[in-house]
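The values are calculated or read from the model by the stated rules, or taken from the named source; none is laboratory data. Being a predicted model, the structure only gives us computed values, none of them experimental. Cβ: placed from backbone, ideal geometry, glycine included. Neighbour counts: every protein chain shown.
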Amino acid sequence: MNGSLPFLSIAQDKSRPQIDSAPSQTKSSSKPSKMTPTKKLVLATKLLNITLTASLVLLANDVSPNPGPGLSKPLKVKGLRILHINICSLRNKLTELRLFCDKDRPHVLSLNKTWLDDSFLDSELYLPGYQLLRRDRDRHGGGIAVYIAGNLNPERVDINIDDIEAPWF
């Protein structure tokens, strides 16, 4: 390997990496490579494995950016079902929320960061079978809403504390 540096290339059948040597384009006074061909092969194999693994995970099409524990059908148990969601703009997710409530039927659904103001009517935010209680801030942040199943007959309690963003019922 006088005057040449080893490099990694792909064999003709593209199934096995191989180490070749190519003529050096630099002067012979340059420092020789500190990695042996074996180390380069090991690193190339690890990189290939990582790339293939990542590709398979992406092809599985069930990758979640924020995975949590899987649901073990908690919405099918008896008792009062209360759920809380950080919705980050209710107006953009109302269709999904309707589908969720039709399927899973929580008794109380609490939402924060609704990003609503008084320009949105309750009729626009209607969910069949639920009564809506809300306390808006503005379109750029904050706000809360609570959907309560109609059969619970909730009564709103008027407690207005300026520092607390909460509906009381």
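For the reader, a short list of remarks on this structure follows.
- Within the range 146-169, the residues that satisfy the criterion of being in a strand (DSSP E or B) and surrounded by 10 or more Cβ atoms within 10 Å (Cβ to Cβ) are Val146, Tyr147, Ile148, Ala149, Trp168.
- Test: residue in the range 112-123 that is at pLDDT 90 or above, part of a helix (DSSP H, G or I) and out of contact with any Lys or Arg (no Cβ under 8 Å at 6 or more places or on another chain): yes
- Yes/no for Leu80 being surrounded by 10 or more Cβ atoms within 10 Å (Cβ to Cβ), at pLDDT 85 or above and more than 24 Å from the chain's Cα centre (by Cα): no
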